[in-house]
Each structure stands twice: as C-alpha cells, then as structure tokens.
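Take a look at the structure below.
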C-alpha cells in the first residue's frame, strides 16, 4: 500500500525543467485580498507576491473558473500529481488515501492571460463514488490517471470512461495519464498501450511522473489552454485539440525509458 | 473530605456534548438525521446513496485490487517481531473473512481468523457470548457486533472493559466509513463479502485510532480537552461561526479544533454530539494527510452515535496557512459544499478582524504550566473531568513522567478502572506505591485523578486536592468551553 518509488532518474529532472521554463509559466496563487493570511500581526507576504496582487486585481474580476477533476483508482498518484503541480514537492513513501474530495485553486498564465483552475482531487476508493459522481456534471475537464506499474488500475480505465460518459457533460475535456513513469523496472503498462487506449476513446494521452515532475505542468497547462480557448468562443472554428498539442509538446523532448 | 466549593469547576447547565458514563452500553445509537431532514422538508438523500452503492456492488465494474498471497499461515508464528507486539487487534466478518489486522498482512494468517470465528460461534451456539479468555498475562478480548467480530490480544495492563471499549471504537470507525445500515445490508446480501474492497485506506485510520486510544486519556474518560482560551475569545470564535453560517440551512455541527484539543463546538438546537463521535472526528483530522494538502475537503462522515444509518457531509479545512486550527462544518445536505466554502471564508475574515487567529496561535505555542510552576510542589500531574460538560483538563506532563508518559497513562487507566469497576465501584481511592501516590475521586459533578509524591501525608494530599479544585475553579472560563452555542 505504498506509492514509494524505488528509482530516481536524473534525466527526468532536467527534462522537466526544460519543458517548464521554455513553454509554460505558472504563477503562484497569491493571496490577493488580504494582507495577512496567517493571523500573525506583522506578517507581510513577500514583495513579489504583493506585486502580483497589484497588477492582476482588475483582470481577475471577470475570470471564469475552470473546473478540473482528477480521477482514477486509489493509489495511482492523483494527490501526488496535484501537490507536485501546486507546490513543486513530492513526498515519497507517505501514502494517505484522500477522504472525499479535496479542492485546490490554482491560477496559471497562458499566453499572458490568467486562467483560474479549480482542481478537484477525488478519492479513488469505491465507497466515495456516489459523492464524487455528483461533481462530474460540473466539470470542464477530467484528468484520468492510471499507474503504469499497476495493471488493474489500467484495466479499470474503461470502467472509468464508462462512468464519465454516464455522469459528465458530453463536451468535457478528457486527458488520460499514465503516472509513475519514473518506475522503469516496475513498469507493466507500456506507453504504446496507453496511447492505443487513448486513440480508441479519442482522448489526449501522456505519461507523467509526480516524483520526477515529468509532464506534470504540461498536463495541467494543456487542459487550461484548451479550456481557455473554448471559453473565448472559437470552440468550433479553431479546432484546437489537446491531443495535437500534447503530441507536439511531448515530441519536442525525447523520452528515453519509454522508447525502450 | 470537606471543600468549600459550591459548584464544581468546569460545570455548566448545558453542554454541547452528550455526557456519559464511561462504560455505558455501547450498542445505543440514535437516529437524528431523518428528524433534521424531515423538520426542514428536504428529501432524503440517504436512500439514494444506498441505492447507488448497491448498484455498484451488484454489477462490479471495477476490478478488486486486493492481492492475496499464497504464503504459509504459519509464517507469522515464527516471526519474533510480530509475536512480541503488546497488543494485536483483528477484525473479521462473522463468516470468518479477514478484514483488518493491526500488524502484518491479514491474508497471511487466515487460519487464525478461522479459529477466532470458531470460538465466537461455538459459544454463540449456546445463546451465550464469549467476552474474554485469560492466559497468563495475555488477554483475548472478543466483541461480536453483527456483522463483525473484533478481537484484541493484549499483553498490556489494560482491563477487559478498556479493551472492549477500544474494539468498540474500531467498530465505530468502520461504521463511520460505511454507515452501519450499509454494513449490515452488505452482509445480508452476501455473507462472504470481502469488506476490504470498500475499506481501502481505512486501515490507516484504525491504526491511528488504536495508538490514539492507548495514549490519550480522552478515550478512557469519554471526554475532550479544550484549548485554553479566554472566554471572550472563545465566544467571539463561536459567534463568527454562527453568523457566517446563519443563512445556510441544516448545518448540524461546527467544530474548530487544534492539536487534538477543542476550540469551540457550535451545534444545531436540540442536537448534541457524543464524545465518541467527536473522537472519531479528531482521529480523522489527525490521521489524514490529504486535508493538509488541499484548501478544503468535502467528505461523507457517519457519526455512529449521532445517526448510524446515514452520512453527514463534512467541509473540512485548515483556517489559514499559519493557523493550524481545523474547521469542520457538518451538514445533512450533500450539495452544500460551495455555500460552506463561502461561509468558511467569512469565518476566517471575521476571526482575523477579531484577532482570534493570533489568540489561537498564541495558545497553541504556549506551554501549559506544570503543577510545580503554579504552586503545587507535591502534585506531579492530574486530570480533572467535569462530568456535566464531558470535558477534562490536564496540565503539561513534567518530570518524572516526561520521559515515560506511558507509565502515567497506565496509572490513570488503572485508577479509572477502580472507580468504575462494574462489580465494585469506588468513590475515593488513595493508593501509595514506592514510585508515586494516586488519589482518585469520583463525585456527582466531577472526577479527579491526582498523582502525588509517594511520601506525601494523607492529610496534605487532601488539602492539596482542595486547593487544586479552587485553582481550577478560578480558571474554569479559560480551561473549559462552558456555554453550548447553537446555530
């Protein structure tokens, strides 16, 4: 019952950096309206955070919130993926099942404008299904995760997609994610298997590693980009496809262990 | 034993907590959910939930991810480490299927579970029930609560009653996860069901609960400890919660806690929370990492003593980045998340304006004074429980127990047992050993357990206790949550 990864691969660390810095920028979610979130009398947020607040307050007023849900079996790394994206941290060997649904707000920058993502991290266990189903309907995007070292979690993806079809909106953005791609020797699901499944259901696909950070930002940013484009109205004319975008972005950097 | 105290310290006319005797009948559970819903003419969601669950059970669309290993059952019999554990706890279905083991993988000793099941059903065949087996210094304690069997194998000094109480907590933790109604229904439909499928992740909560109940006097006393705060601050916090939730229907409880201590508890009129349910909430918050990583969390929680048949929905969040008090808003509405999120923002704003966050932080950072520091040199440590409010207070643990607090916990557990022994309960106990002296006193309004220097004279022990009660009385506003605010 542990998500601890046995291997650490330095290659991914540098990969992640290039992806992150060349294409994408994420701004810290600043506490805007309140000078002190802590209750400590003399606490002041750092200068760069304050600067962010000043410049972005007006823009923020007419922002729509994009709702994104993380789905998948228990223990595939949904919370780890979110925590890595949100804080940049990864805690090895500390599996704690999510209870119910966790909510996190995150503001990201796409093409110089801010997109607000509300990310719902769901519990993978069956007993929470009825609670989480209620939230599928409101979701704009779904990140559906499996664990490349756990065949059951991959086999269950079809069932998950069935549930999504039943409960979610028809036009919801779906991204299939094979997590824990850093676990080279324990891998039981090949990248091609994931790609094939994604093609079959016509959804975007990528492999990520919450541990090394590989593609973590890309996953969320691709979704944010798609949602932003849809919101700006050219949903039908400009057929921006997450699939194509993801393919372009991931192809830029070769992925050594996956090609073996 | 004459004291000049008119009303015992920490007493109040009304309490937000249900007050109980410690070894009461554990079966008793109430059903308050329907009442709340009906009084507000809101269609019940519980049935719908149950239906959904049943659908899931009947057509299994998700494969079970529990792997079973084929290793020999006897493996653990040779495992020194496994054998040397001071307390094992097992949970199995009444059909003998393994559900939980505190140590080791329960699949590896399926035959033990078979023996436990056989023992229970053999005695049950004569319309009787097995409670415990005593072999040397090992106690085997059984609790059969349809549809589960719970067993503790203990080498600790805890008595059978205390072990049974712990097994009850484990049962309640499972009921809290699934609801008792669903648990019963599952086994009615399929006697051989593997419950672990539905309980993935719960073992972490049970593990934590067992550690918690072994070390915290709260469990033995059926009471909670409050974070010391001046009454004006505590009232301001309660008011902030009440005002912020005033327009939201059917919020049943608003609970603010930090470091396993209660800051405030606001309740719906007519409804009370049982300390056992509150302990489950404390355990949930303590054992869950996921509440800390997200801004807020929405989770179904069944409080078995409040209503074992349905879920309340909990909005769980930490107040602010640097104020690690956890706010739990419990409602019967399954779709109230967003309105409670807004309420939480308002609560935090109000608390910040009223400097309440600072007060909480200060209290959390400050160390409780030891007995020596407040002028009781012969007194090493004490626990005072106010019965009418189901709250207790204990000072900071100082020498000689700061290194071995387990010893102190055991002294209290044994004294508590002697006061509440069902066959021969005591009102007053004074016991001296070469290491320490214990004075335990059970009155109508309070229980006091004082651990003193072993050489203390009886008369000065009594006068110390008298002075101590006065001392607590003077500080009762700060140490106890004396009013029971309602929405």
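Taking all Cα pairs closer than 8 Å and separated by 6 or more residues, the relative contact order of chain B comes to 20 percent.
Packing order of peptides B:208-215, A:164-171, highest average first: B:208-215, A:164-171 (average count of other Cβ atoms within 10 Å over each peptide's residues). Cα-based values for region B:186-345, radius of gyration first and Dmax second, are 16.3, 56 Å.
Provide Rg over Rh for region B:228-304; use the alpha carbon set for both Rg and the Kirkwood Rh (inverse mean inverse pair distance). All intermediate terms of the calculation are to be shown ahead of the outcome.
Working: Rg = 13.2 Å, Rh = 13.9 Å.
When Rh is taken as the Kirkwood radius, the ratio is 0.95.
Among A:161, B:262, B:278, what is the fewest-to-most ranking by other Cβ atoms within 10 Å?
A:161, B:262, B:278
Distance from the alpha carbon centroid of region B:428-487 to that of region A:133-186 works out to 58 angstrom. Please compute, over every Cα-Cα pair in region B:307-349, the percentage with a separation greater than 17 angstrom. That tail contains 35 percent of the Cα-Cα pairs. Residue by residue along A:101-110, Cβ atoms of other protein chains within 10 Å of the local Cβ number 4 on average. Taking every residue in A:127-136 and counting other chain Cβ atoms within 10 Å of its Cβ, the average works out to 5.
Normalising by residue count, chain B has a Cα convex hull of 163 Å³ per residue. Of A:221, B:116, B:372, A:206, the sequence from fewest to most neighbouring Cβ atoms within 10 angstrom is B:372, B:116, A:221, A:206.
Region B:307-380 and region B:88-102 have Cα centres lying 35 Å from one another. Counting neighbouring beta carbons within 10 Å and listing from fewest to most, the residues B:200, A:64 come out as A:64, B:200. Every pair of different Cα atoms in region A:58-193 enters the Kirkwood calculation, which places the hydrodynamic radius at 15.8 Å. When Rg and the Kirkwood Rh are both derived from Cα coordinates, the Rg/Rh ratio for region B:318-424 amounts to 1.12.
With helices as the sole contributors, chain B gives -11500 deg cm²/dmol at 222 nm; each DSSP H run of n ≥ 4 counts as -39500 (n - 2.57), and the sum is divided by every residue.
Using a cutoff of 8 angstrom between alpha carbon atoms and counting only pairs six or more residues apart, the relative contact order for region A:64-158 works out to 43 percent. Each DSSP beta bridge with both residues in chain B is either parallel or antiparallel, and the antiparallel ones are about 95%. When every Cα-Cα distance of region B:409-457 is counted in 5 angstrom steps from zero, the calculated P(r) takes the values 5, 22, 32, 23, 13, 5, 1 percent.
Let me confirm one metric for peptide B:295-303, namely the mean number of other chain beta-carbon atoms within 10 Å of its residues' beta-carbons. Please list the in-between numbers first.
Values: counts 9, 5, 8, 11, 8, 8, 2, 0, 0.
What the average comes to for B:295-303 is 6.
Take the Cβ atoms of residue B:399 and residue B:364, set R0 to 35 Å, and the FRET efficiency comes out at 0.90. Across region B:70-213, the fraction of Cα-Cα pairs farther apart than 23 Å, rounded to a whole number, is 32%.
Only the coordinates and a few stated rules stand behind these numbers; no lab work does. None of the values given here were measured: they were computed from a predicted structure. Cβ sites come from the backbone with ideal geometry, for glycine too, and all protein chains shown count toward neighbours.
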